[in-house]
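The values are calculated or read from the model by the stated rules, or taken from the named source; none is laboratory data. Being a predicted model, the structure only gives us computed values, none of them experimental. Glycine also receives a Cβ, built like all others from the backbone with ideal geometry; neighbour counts cover every protein chain displayed.
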Amino acid sequence: MSDLTQLSLEAALSGLKAKEFSSEDITKAHIDAIEGAGALNAFVTPSFDLALEQAKASDAKLAKGEGGALEGAPLGVKDLFCTQGVKTTACSKILGEFTPTYESSVTANMKADGMVMLGKLALDEFAMGSSNETSAFGAVINPWKAADGAARVPGGSSGGSAAAVAADLCLGATATDTGGSIRQPAAFTGTVGMKPTYGRCSRWGTVAFASSLDQAGPIAKTVKDSAILLQSMAGHDPKDSTSLNIDVPDWVSACGGSVKGMKIGIPKEYTMDGMPAEIEALWQQGIKWLQEAGAQIVNVSLPHTKYALPAYYIVAPAEASSNLARYDGMRYGARVEGDNLNDTYERTRAQGFGEEVRRRIMIGTYVLSAGYYDAYYLQAQKVRTRIAQDFKTAWEQCDALLTPTTPNAAFPVGHKFDDPVQMYLNDIFTVTANLAGLPSISVPASLDSNGLPLGLQIIGRALDEDTVFKAASALEDAAGFNAKPNKWWV
Ligand code: GLN
């Protein structure tokens, strides 16, 4: 039997249905691959016994011609989604020994559809970061090696998900995106990352970072695979008050649809000083690809783009500081005893949280404090409204936007770790979609001169994932990106 880990999710699902191989076969092939990929550090908690049990149950269903949309497919889950009976750490010491008694709505949907869960994937601590280096359980290494040989970060915060998909350790994975954490790691690893419209996926049972920005979505090998996964993850959930009570359209069929006559906007503010010429050239190439596929290109302006990153780095820490107040050592998670109650709080939080998380909590409490609320938080909220307005104006001229996903390819491990501002600058092209709640996808488009993947991003109107998937499929077809990292870790 050929190597089952090489298959796309789409091909694997049809192979399972046609009984060319069993779920147990393909699950075992992935377990072997994971066991041989310790050097990548992508999985924090494997759940192989559970996976094999689920695979057997799927095989029984498949034998009867039954089963859901993901029946028997071995997948990975970012360790931010609570999984019943399987440790969920958010890659933080404070949740290091936390095993939920309940299942997040997103993973519950996927389980109901027949997912086989191989294990929990690493992330930046509490999803705060762009490189996966803030994880309390060690950095994840990008499967892609540059020509210079220096190990690269896989991006973050969903670096484990992206690395695992790129290295063929799972057929696809869940991820979350607060400011770019699905799309940036996808761009850094040659995978597809899709963040749907805010409210499409339930946030219930997903460890909260910044609730008004957090959105779940898939990292996958192809655009169609990402649609298959999102189709299962999304849906109304009464347990999340911001979950949208609307039907989930057939996104899988949208993939591959024509872009003839589609108007693609090119926002002039996304041209940055100091952006590598290769990224600019790829963007121009993307414009050509879409044009050749029949789309019409229009120049648009999003004048408040330059305020997006500062606004994001006020709003996200503000919400994080409030969300993370629950980790006080009293109810669950780690606890470090002190001399009195306050001392116990302080010790627990000082030792339980890593440096970046503590930095965010301090920024967040500062911008929300009585004297500074108006100067920072309120201003940032106003900027957010302007950014949403910019997009609304753009939609009068176009149906979707094309931009680079990131201003650079994957950087070396350790390179930006001590310079938070440099790290934050990596999110420059991705945060706007979160601030405005819009669907957005990253598609692998080429390799740079160092041999590292680069991605292009499509941003669409709220709830118009259809157009985003269509444009992304057109880019995918034109780019024909099928490079794979050399398996140096095996
Ligand atoms: N890199 C961004 C941050 O550190 C985005 C993280 C995310 O989307 N979860 O906040």
message: Between THR222, THR242, which is surrounded by fewer than 24 Cβ atoms within 10 Å (Cβ to Cβ), touching a strand residue (DSSP E or B) at 6+ places or on another chain (Cβ under 9 Å) and among the hydroxyl-bearing types (Ser, Thr, Tyr)?
response: THR222
query: Scanning region 248-277 for residues that are part of a strand (DSSP E or B) and not charged (D, E, K, R), which turns out surrounded by the fewest Cβ atoms within 10 Å (Cβ to Cβ)?
result: ILE266
- prompt: Can you name every residue in region 152-183 that is within 9 Å of the ligand (Cβ to nearest atom) and on the phi > 0 side of the Ramachandran plot?
  reply: GLY155, GLY180
field: Single match in GLY333, GLY371 (criterion: farther than 28 Å from ALA139 by Cβ, outside any helix (DSSP H, G or I) and among the small types (Gly, Ala, Ser))
entry: GLY371
message: Tell me yes or no: at least one residue of region 308-317 is of a type in the set (Val, Ile, Thr), more than 24 Å from the chain's Cα centre (by Cα) and within 28 Å of ASP418 (Cβ to Cβ).
response: no
field: Residue match in region 76-84 (condition: surrounded by fewer than 20 Cβ atoms within 10 Å (Cβ to Cβ) and away from the ligand (no atom under 16 Å from the Cβ))
entry: yes
- request: Can you confirm whether region 409-417 contains a residue that is among the aromatic types (Phe, Trp, Tyr), surrounded by 19 or more Cβ atoms within 10 Å (Cβ to Cβ), at pLDDT 95 or above and closer than 21 Å to ALA167 by Cβ?
  value: yes
Qualifying residue in region 393-405 (condition: buried (at least 22 other Cβ atoms within 10 Å of the Cβ), assigned to a helix (DSSP H, G or I) and in contact with a helix residue (DSSP H, G or I) (Cβ under 8 Å, 6 or more places away or on another chain)): no
Selection count, region 430-442, where residues are outside any strand (DSSP E or B) and either within 12 Å of the ligand (Cβ to nearest atom) or within 12 Å of the chain's Cα centre (by Cα) (or both): 5
Candidates GLU103, GLU125, GLU133, filtered to the one that is within 15 Å of the ligand (Cβ to nearest atom), surrounded by fewer than 24 Cβ atoms within 10 Å (Cβ to Cβ) and not hydroxyl-bearing (Ser, Thr, Tyr): GLU133
statement: Cβ pairs under 6 Å, 6+ apart or interchain, first in region 54-65 and closer than 12 Å to VAL116 by Cβ and in contact (Cβ under 8 Å) with a residue 40 or more places away in the chain, second surrounded by 19 or more Cβ atoms within 10 Å (Cβ to Cβ) and aliphatic (A, V, I, L, M), ordered by first then second residue, are GLN54/VAL116; ALA55/VAL116; LEU62/LEU16
query: Is it true that GLY149 is under 16 Å from the mean Cα position of the chain (by Cα), more than 16 Å from the ligand (Cβ to nearest atom), assigned to a loop (DSSP other than H, G, I, E, B) and surrounded by fewer than 24 Cβ atoms within 10 Å (Cβ to Cβ)?
result: no
statement: Expected single match for touching a Pro at 6+ places or on another chain (Cβ under 8 Å) and more than 16 Å from the ligand (Cβ to nearest atom) among ILE94, ILE34 is ILE34
